[in-house]
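Peer 1: Questions regarding the structure given below will be posed in turn.
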Amino acid sequence: MMIQSKSRFLIAAPLCVALAACGGEADTGAEGAAANMPGANGSAGSSLTLADNGPDLCFKAAAEKLGADAKVSKLSASFGVGENLEQYVVVSTPPGELKSCSVTYQDPEDPRKLREMGMDVATGEFKESQPVEISVFGDAASFSLDDYLVPLSSINTSAINDAVVAQQDKLGAAYSEHALSRVTLDDPGPGRAKHIVSLSFAGRVKSNDVLDNSGLGLNLDGSEEYNNIGK
């Protein structure tokens, strides 16, 4: 299924229908985990930071805007990691500062459709949403958008911060420096028939100072789906 908007993504239903869209961290509490991440105080560029708002901030913002029971297909938040952990630096964002937040969700006026909206990180407010065009590879008549949607209320977002805290020893053993770079809700795709929450970290390997990326995936109930940190 091709989904056209201002961004691009690829998802697949259990029936193997493919979808793509074009368009546009030593405290163990939530505040302690964020405060131990480099640059936790953020800067004037963004109104939202890991220190103040937590790693699930995009989920919370989407629920506030759309309602907790809104059905979403994808969600993505990216955070500054600092120039030393960025492979390609155009404009460096301070570590812990929100760089982007976007969500693709079911159109409340037409449940057959999707809409997408991104956040103005300077204000913390979402911009006007845009329609997402869907086209299907295969039997279009059998396609059901519900196969690609989950209610925000079904996602255990508190597990996101718990997972970040739980990885600190592993991250510290593998990297001389590290930072949380992305938190996403990934839709079903090739080899995966369900939504998962993915956490990505950037780091410099202790033994050779090489830049590396690793992460883990959480099921919607907060249980661990995969973990490749330090591997």
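The values are calculated or read from the model by the stated rules, or taken from the named source; none is laboratory data. These numbers were taken from a predicted model, which means no experiment stands behind them. Cβ placement follows ideal geometry from the backbone for every residue including glycine, while neighbour counts extend to all protein chains displayed. Each accessible area value is taken on the protein alone, full model and side chains, heavy atoms only, with ligands, DNA and RNA left out. Shrake-Rupley method; radii C 1.70, N 1.55, O 1.52, S 1.80 Å.
Peer 1: Across the stretch 101-134, which residue is most open to solvent (accessible area, probe 1.4 Å) among those that are among the small types (Gly, Ala, Ser) and over 26 Å from residue 222 (Cβ atoms)? Spell out how you get there, then give the answer.
Peer 2: In the first step, residues of the stretch 101-134 are kept if they are among the small types (Gly, Ala, Ser); the result is 102, 118, 122, 124, 129.
Of the ones still in play, those that are also over 26 Å from residue 222 (Cβ atoms) are 118, 122, 129.
Details: 118: 25, 122: 61, 129: 24 Å².
This residue is 122.
Peer 1: Among the residues of the stretch 135-155, how many are under 22 Å from the mean Cα position of the chain (by Cα) and open to solvent by less than 60 Å² (accessible area, probe 1.4 Å)?
Peer 2: Going residue by residue through the stretch 135-155, those that are under 22 Å from the mean Cα position of the chain (by Cα) are 145-155.
Now restrict to residues that are open to solvent by less than 60 Å² (accessible area, probe 1.4 Å): 145, 148-152, 154-155.
The total comes to 8.
Peer 1: Any residue at all in the stretch 196-209 that's touching an Asp or Glu at 6+ places or on another chain (Cβ under 6 Å) and among the polar types (S, T, N, Q)?
Peer 2: Step one: filter the stretch 196-209 for residues touching an Asp or Glu at 6+ places or on another chain (Cβ under 6 Å), giving 196, 198, 203-205.
If we keep only those that are among the polar types (S, T, N, Q) as well, we get 198.
Within the stretch 196-209, one or more residues are touching an Asp or Glu at 6+ places or on another chain (Cβ under 6 Å) and among the polar types (S, T, N, Q).
Peer 1: Please determine whether any residue of the stretch 202-213 is surrounded by fewer than 20 Cβ atoms within 10 Å (Cβ to Cβ), assigned to a strand (DSSP E or B) and of a type in the set (Val, Ile, Thr). Can you show your working first?
Peer 2: Residues of the stretch 202-213 that are surrounded by fewer than 20 Cβ atoms within 10 Å (Cβ to Cβ), as a first pass: 204-213.
So of that shortlist, the ones also assigned to a strand (DSSP E or B) come out as 204-205, 211-213.
When the remaining residues are screened for being of a type in the set (Val, Ile, Thr), the result is 205.
Within the stretch 202-213, one or more residues are surrounded by fewer than 20 Cβ atoms within 10 Å (Cβ to Cβ), assigned to a strand (DSSP E or B) and of a type in the set (Val, Ile, Thr).
Peer 1: Another question, then. Quick one: how many residues across the stretch 47-63 are surrounded by fewer than 22 Cβ atoms within 10 Å (Cβ to Cβ), of a type in the set (A, V, I, L, M), within 18 Å of residue 118 (Cα to Cα) and over 13 Å from the mean Cα position of the chain (by Cα)?
Peer 2: 1
Peer 1: Out of (1) over 26 Å from residue 176 (Cβ atoms); (2) crowded, with 19+ Cβ neighbours inside 10 Å; (3) at pLDDT 95 or above, the odd one out for residue 17 is which?
Peer 2: Every listed condition holds for residue 17 apart from (3).
Peer 1: Within the stretch 195-213, how many residues are under 15 Å from residue 149 (Cβ atoms) and more than 15 Å from the chain's Cα centre (by Cα)?
Peer 2: Result for the stretch 195-213: 0.
Peer 1: Are any residues in the stretch 162-201 assigned to a helix (DSSP H, G or I), touching a Leu at 6+ places or on another chain (Cβ under 8 Å) and either surrounded by fewer than 21 Cβ atoms within 10 Å (Cβ to Cβ) or among the small types (Gly, Ala, Ser) (or both), and if so, which ones?
Peer 2: Hit for the stretch 162-201 is 163, nothing else.
Peer 1: Which ones in the stretch 64-95 are under 17 Å from residue 158 (Cα atoms) and open to solvent by 30 Å² or more (accessible area, probe 1.4 Å)?
Peer 2: Those that are under 17 Å from residue 158 (Cα atoms) and open to solvent by 30 Å² or more (accessible area, probe 1.4 Å): 64, 68, 69.
Peer 1: Follow-up. Please identify the pairs in which a residue from the stretch 196-210 that is closer than 10 Å to residue 176 by Cα and small (Gly, Ala, Ser) has its Cβ atom under 6 Å from the Cβ atom of a residue that is in a strand (DSSP E or B) and open to solvent by 40 Å² or more (accessible area, probe 1.4 Å), counting only partners at least 6 apart or on another chain.
Peer 2: 203/212
Peer 1: Still on this model: Quickly run through the stretch 43-95 and pick out the residues that are at pLDDT 95 or above and at positive phi.
Peer 2: Hits for the stretch 43-95 are 54, 67.
Peer 1: Additional query: Consider residue 172 carefully, then state whether it is on the phi > 0 side of the Ramachandran plot and more than 17 Å from the chain's Cα centre (by Cα).
Peer 2: Working: on the phi > 0 side of the Ramachandran plot: no; more than 17 Å from the chain's Cα centre (by Cα): yes.
Judged against the criteria, residue 172 is not a match.
Peer 1: Could you grab me the full set of residues in the stretch 215-231 that are over 14 Å from residue 156 (Cβ atoms), open to solvent by less than 10 Å² (accessible area, probe 1.4 Å) and among the small types (Gly, Ala, Ser)?
Peer 2: Within the stretch 215-231, 215 is the sole residue that qualifies.
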